[in-house]
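Reviewing the structure listed below.
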Amino acid sequence: MCGIVGVLGDHEAAPILVEALKRLEYRGYDSAGIATINNGDLSRRRAVGKLVNLSDLLVHEPLAGKAGIGHTRWATHGAPSVANAHPHRAGRVAVVHNGIIENYRDLRAELTAHGVGHETDTDSETVALMAQHYISNGDNPRVAATKTIAKLNGAYALCFLFEGEDDLLIAARKGSPLAIGHGEGEMYVGSDAIALAPLTHRITYLEEGDCAFVTRDTLEITGVDGLLVNREVKTVEIGDTRVDKAGHKHFMAKEIAEQPVVISEVLGHYLTGDGAGINLPGEGLDFSKIDRLIMIGCGTAYYACLTAKYWFEQLAGVPVEVDIASEFRYREPPIGARTTALIVSQSGETADSLAALRYCEGKAEKIVSIINVPESSIARESDLVLPIHAGVEIGVASTKAFTCQLTVLLLTALKAARDRGVISAENLADRLSSLRGLPAILNQVLTRDAEYETAARLLAESDNALYLGRGLMYPLALEGALKLKEISYIHAEAYASGELKHGPIALIDKHMPVVVMAPRDQLFDKTVSNMQEVMARGGKVMLISDPAGAKDAGDGVWQHLTMPAVDPVLTPILYALPAQLLAYHTAIAKGTDADQPRNLAKSVTVE
Ligand code: AGP
């Protein structure tokens, strides 16, 4: 996805735009650009690659003007290049866009028929061309933008700027988030409140189909039917402090280190005062009235769902079906009575997950979302939101959001067990007591960073890696492989340990590191057999286990990382740390960008 921003200010717009784009760069960083109006003239500066390249350009070729728009791109149509960088311009019109215009080819053909050609490979340019086409035919900017927006199919968050208009921004939202910021004699447009936090905490979130006509003193919003609507001005407190690296080299390192604190905060939000019970927000969930759970997510959020399946089924006896959002929505599964849908998403804006939620509407008895951004689209369309309180997560690779998702999911599974009479109040209190002690244990692991640096330097020499896990460790193996591949670019695959001999063992040789995630639990002996099968074929085993596991099976392994022994139910939250630390230090060893890995964006708001 991309980040967009607009400013109608009392000060030079360029530095404000660049500062806002810095806070949006986690959404995409293939190119960046701004446009401003100065004395009525529209000008642009654009640069390929990270935002710092645009900042460099602006030093040598500054842009004046107090009205402007900006964009940081994650390429969908057209390679990352200056030509394909936003803002796109056609005549008097400049526009920035987040999303995909699905009918852009038809619109191009229509424009070509009117003798209007295109210069780039992007769908977004078509929006500028169409608006200019209407202006050329005599329409004013507001009419031209309105007519253009009405022709668009697909997903978009747009912000228009017009030559000759230094007090007008036109913004529109369908399928991609967009917010309006209310300043003192200034107004702003942004993809989210994070971008606008240093400018204002007074935010209006546009709804699906909204168009906003913004001047420094006025804001008019029309709804999907074109009629004026009122949208609430909310106070959204996002501290600036939580969008810096706090002395760490990367946001990812900071967010890994924050986990003990934020998990404590999650527990503080969900546990009763005596710490022996669980309070879900709103009217909560009564699992004695739920026969089945459908859990849906993408990427790391999907692995959180897979983990929670074990908890809900083993602890509470609730049948759970887990699905990848992009598959679920097209499979169109039947959803019976007494079924609750649970969507897990850090950003709350992932297009596939939002579409899956909308498929469940009118079918599932209740739609619950486990979210890190309470004002997000998925949150707003859910019947019940269970916030994860992880704080802003900037690193593209999800870390603290994952462990906070797991914490909320475990609490929800324990509440389900209590609702269904599977565990007593005393059992629940004992489990919660163990969970309350987990942050301190996570801190112990974080003090042993050096061990992960050493193991990672060895891993960094490989082109491939396998991750193995059984039971609760199988989703963690999947997460570990995802972390490694998405930030170090090492091809990593994960398998349920028991699957190794059904084909993947053919991959084993002396060049193949195999990361085995296995606390000394009731499945450990089975996993030891898998490890022996690997080592018998020259494979290099990196065993991540507790002291008992190391004692029973550590002989002959290539590397060993020791974890504290904990209640088996808590191991997924604990073993997320080695998965994260191994990937992070491998990326550092390889010199890849841990925060902004190539080809990725923090949240994928396009299908
Ligand atoms: C996780 O490290 C990845 N960045 C990615 O898989 C992510 O988890 C996925 O895109 C889902 O995002 P969401 O949680 O915001 O919906």
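The values are calculated or read from the model by the stated rules, or taken from the named source; none is laboratory data. Remember, predicted model here, so these are calculated numbers, not experimental data. Positions of Cβ are generated from backbone atoms using ideal geometry, with glycine treated the same way; all protein chains shown enter the neighbour counts. With ligands, DNA and RNA removed, areas are computed over all heavy atoms of the protein, side chains included. Shrake-Rupley method; radii C 1.70, N 1.55, O 1.52, S 1.80 Å.
Contact order for the chain, expressed relative to its length and based on alpha carbon pairs under 8 Å spaced 6+ residues apart, stands at 12 percent.
Using the 1.4 Å probe convention, the accessible area of segment 77-158 works out to 38 Å² per residue with neighbouring protein chains retained. Taking the convex hull of the alpha carbon positions in segment 514-607 and averaging its projected area over all directions gives 8.3 nm². Computed from Cα atoms alone, the Kirkwood hydrodynamic radius reported for the chain is 25.4 Å. For the chain, the longest principal axis of the alpha carbon atoms and the long axis of helix 141-150 meet at an angle near 40°.
The alpha carbons of segment 509-556 stretch over 28, 16, 15 Å along the principal axes, in descending order. With the simple spin-label model, which puts each label point 7 Å out from Cα in the Cβ direction, the V59 to D244 separation comes to 2.1 nm.
Between 0 and 90 degrees, the angle of helix 473-488 with respect to the longest Cα principal axis of the chain falls at about 50 degrees. Helical runs assigned H by DSSP (4 residues or longer) give the chain a calculated mean residue ellipticity at 222 nm of -11000 deg cm²/dmol, each run adding -39500 (n - 2.57) before division by the residue total.
Quick check on my link table: of K234/K602; K234/K309; K234/K366; K174/K590; K363/K485, which ones sit more than 32 Å apart, alpha carbon to alpha carbon?
Result: K234/K309; K174/K590; K363/K485 exceed 32 Å.
Sequence-distant contacts, meaning Cα pairs under 8 Å at least 6 residues apart, place the relative contact order of segment 288-352 at 49 percent. Measure nothing but the geometry: give the 0 to 90° angle between the long axis through the Cα atoms of 51-60 and the longest principal axis through the Cα atoms of the chain, rounded to 10°. Roughly 40 degrees between the two axes.
Using the per-residue mean of other Cβ atoms lying within 10 Å as a proxy for protection, in what order, highest first, do the peptides 515-526, 166-177 fall? Please report the intermediate quantities before stating the final value.
On the way: 515-526: 20.9, 166-177: 23.8.
Taking the mean over residues of other Cβ atoms within 10 Å, the ranking is 166-177, 515-526.
Measuring with a 1.4 angstrom probe and ignoring ligands and nucleic acids, S377 comes out at about 0 Å² accessible. Peptides 72-83, 151-162, ordered by how many other C-beta atoms sit within 10 Å of their residues on average, highest first, read 151-162, 72-83.
Here the chain exposes an accessible surface that is 49 percent carbon and sulfur, computed with a 1.4 Å probe and the other protein chains kept in place. Normalising the average separation of contacting C-alpha pairs (under 8 angstrom, six or more residues apart) by the number of residues puts the relative contact order of segment 340-434 at 21 percent. By the Cα gyration tensor, segment 310-399 has an equivalent ellipsoid whose semi-axes, rounded to whole angstrom, run 22, 16, 13 from largest to smallest.
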